[in-house]
Amino acid sequence: MKKSRISETQIVKAIQENEAGRKTADICRELEVSRATFYKWKSRYGGLEASDVKRLKELEEENSRLKKMYADLSLDHNILKEVITKKGWGSGNKSN
């Protein structure tokens with residue numbers, strides 16, 4: 001994902017200004033972003049405080065790391081299942 005030139009803290013501040021009554025068009029002009037971008041930010045960060053944004057980012061990073069771990073373990077599991085099947089160990093035979 002492309003790194004934004006505007007920090008999450010700035011985004012939250014802009015949303016709070018908008019909720020306090022500042023016009024969306026003025027905020028978008030100042031930040032040099034489209035209204036669509038602003039509304040996307042608002043749907044994602046609306047109602048959050050600056051500290052919440054940090055926690056959200058940490059959770060997203062952890063989620064990404066856990067998804068990668070799951071994918072790696074799933075691949076290992078499938079490889080081991082294939083080896084067991086090819087060796088005939090999984091058929092219930094106890095002849096060694």
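Observations
- Under the Karplus curve 6.51 cos²θ - 1.76 cosθ + 1.60, θ = phi - 60°, whole-Hz ³J(HN,Hα) for region 24-33, x wherever Gly or Pro sits: 4, 4, 5, 5, 4, 5, 5, 8, 6, 10
- Calculated [222 nm] ellipticity per residue, helices only, for the chain: -24000 deg cm²/dmol; basis is -39500 (n - 2.57) per DSSP H run with n ≥ 4, divided by all residues, nearest 500.
- Two-decimal ratio, region 45-91, of alpha-carbon radius of gyration to 2.2 N^0.38 Å: 2.03
- Fewest neighbouring Cβ atoms within 10 Å first, the residues Trp89, Trp41 line up as Trp89, Trp41.
- Ranked packing of 59-71, 28-40, most packed first, by mean Cβ within 10 Å: 28-40, 59-71
- Qualifying aspartates and glutamates (Cα of each under 15 Å from Cα of Lys68; at least 8 residues distant if same chain): Glu60, Asp76
- The candidate values are [x] -0.32, -0.88; [y] -0.48, -0.93; [z] -0.25, -0.88; the one derived from this structure for log10 I(q)/I(0) by the Debye sum over Cα atoms at q = 0.10, 0.19 Å⁻¹ carries the label [y].
- For the chain, the relative contact order comes to 25 percent (Cα pairs under 8 Å, sequence separation of at least 6).
Values in this text are rule-based calculations from the coordinates and carry no lab data. Since the model is a prediction, treat every value here as computed from it, not as a measurement. Note that we place each Cβ from the backbone using ideal geometry, even for glycine, and neighbour counts take in every protein chain shown.
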